[in-house]
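The values are calculated or read from the model by the stated rules, or taken from the named source; none is laboratory data. Keep in mind that this is a model prediction, so the values were computed, not measured. Counting neighbours? That spans all protein chains shown, and the Cβs are built from the backbone with ideal geometry, glycine included.
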Amino acid sequence: MRHLLMMILLLTGCASFGDARAERDAQLTGFIGQSEADLVRTLGVPSRQFEADGHRFLAYVDRRVELVPGSMLWRPYRYGFGYGPVFPPQAIEQSCETTFEVVGGKVTSFALRGRGC
């Protein structure tokens with residue numbers, strides 16, 4: 001029963017994760033063809049930048065901590081039944097780095113890296 005509950009939660013999370021990823025990709029694709037100034041005007045100053053062979057790479061890093069609550073289930077104890085902790089609460093750090101490539105002052109592509117993308 002416990003394994004079935006965990007599978008349902010994981011599958012639900014993956015389905016919503018896929019929708020969020022597609023939405024984010026669509027939003028970031030809108031920056032392709034825009035000027036570097038428009039990108040910085042919209043997203044702010046990048047976390048870091050790098051230049052190589054006339055290509056400029058602007059990286060934006062997004063970090064967040066998600067709290068996953070623990071669970072309490074009815075389970076047998078040595079001297080009877082009662083509620084007890086099954087899974088303790090956890091804090092999970094998620095990060096996503098979005099890197100834009102700029103050539104000739106225009107955004108040409110982007111790449112996502114990290115568990116929180």
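Values as computed for the structure displayed
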read-out: Failed item, numbered, when residue 77 is tested on (1) at pLDDT below 95; (2) surrounded by 14 or more Cβ atoms within 10 Å (Cβ to Cβ); (3) of a type in the set (Ser, Thr, Tyr); value: (2)
read-out: Candidate set from region 80-109 (those that are over 30 Å from residue 54 (Cα atoms) and part of a loop (DSSP other than H, G, I, E, B)); member that is modelled with the lowest pLDDT; value: 88
read-out: Test: residue in region 51-70 that is charged (D, E, K, R), over 16 Å from residue 106 (Cα atoms), at pLDDT 80 or above and surrounded by 12 or more Cβ atoms within 10 Å (Cβ to Cβ); value: yes
